[in-house]
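As structure tokens, the structure follows; a few thoughts come after it.
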Amino acid sequence: MQSGTRIVVLSAVLLAMVLASTSTSTAESPLPPPVLVFLGQEPIVVSAKPWTRYRYFVDNASAYPNALFAASPNLPPCGANTKASRTWVDIFDKSGKRLNGFCALGSNVDLGSLWFALDSDVVPPSWVYIEMTDRQTKAKSKSNEAETTQ
């Protein structure tokens, strides 16, 4: 191969690499880690049974665009809810057991009212965390560990 042809080929390869990296950098960025904060616990009664509800909020909720919580009928439903939100939030205990999930949050403001409930006589796990899953991009983000008592 002549040196002029080599330069043209190398230039074409370099241009293709630059274009590929540029298109990758404009892709949707992953979800930032949520900052989970314990709000408190409250006694509740459901169907004459006493429970304790553990309430949380995501301190950096404004970092999540509301588009992440738009109804997404093009994605699989959440039970009978065919308009479940694009991003789902699940609460887990330290062993990874799912305690509750939210599949129909309407905006980032709803990250201020997350909770799970246990029978009132059950000792809660020492801490919990949440995972946010953007079902459109398949991006997941795990929070810090938050206490269950103050």
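Assorted remarks:
- Within the straight-line cut-off of under 19 Å between alpha carbons, the aspartates and glutamates reachable from Lys138 are Glu28, Asp90, sequence neighbours fewer than 8 places apart in one chain being disregarded.
- Across segment 37-132, C-alpha contacts under 8 Å between residues 6 or more apart give a mean separation that, scaled by the residue count, equals a relative contact order of 31 percent.
- Whichever lysines have a C-alpha closer than 30 Å to that of Lys140, once near sequence neighbours (fewer than 8 apart) are set aside: Lys83, Lys94, Lys97
- Database remark: amide H of Asn100 closer than 5 angstrom to the amide H of Ile91 (H placed geometrically; neighbours at sequence offset of 5 or more, or on other chains; Pro and chain starts carry no H).
- When only alpha carbons are used to place a centre, segment 88-150 and segment 46-63 end up 9 Å from one another.
- Accessible surface of segment 69-150, 1.4 Å probe, proportion on carbon and sulfur as whole %: 53
- Mean Cβ count within 10 Å, highest first, over the residues of peptides 69-78, 122-131: 122-131, 69-78
- Computed over segment 42-116, Cα set: Rg, Dmax in Å: 13.9, 39
- Amide proton proximity set for Phe116, modelled H, under 5 Å, gap of 5+: Tyr54
- For Trp88, net neighbour charge (Lys/Arg +1, Asp/Glu -1) across residues whose Cβ lies under 14 Å away: +3
The values are calculated or read from the model by the stated rules, or taken from the named source; none is laboratory data. Everything numeric here is computed off the predicted structure, so don't read it as measured data. Glycine gets a Cβ as well: all are built from the backbone with ideal geometry, and neighbour counts include every protein chain shown. For accessibility, only protein heavy atoms count, side chains too; no ligands or nucleic acids. Shrake-Rupley method; radii C 1.70, N 1.55, O 1.52, S 1.80 Å.
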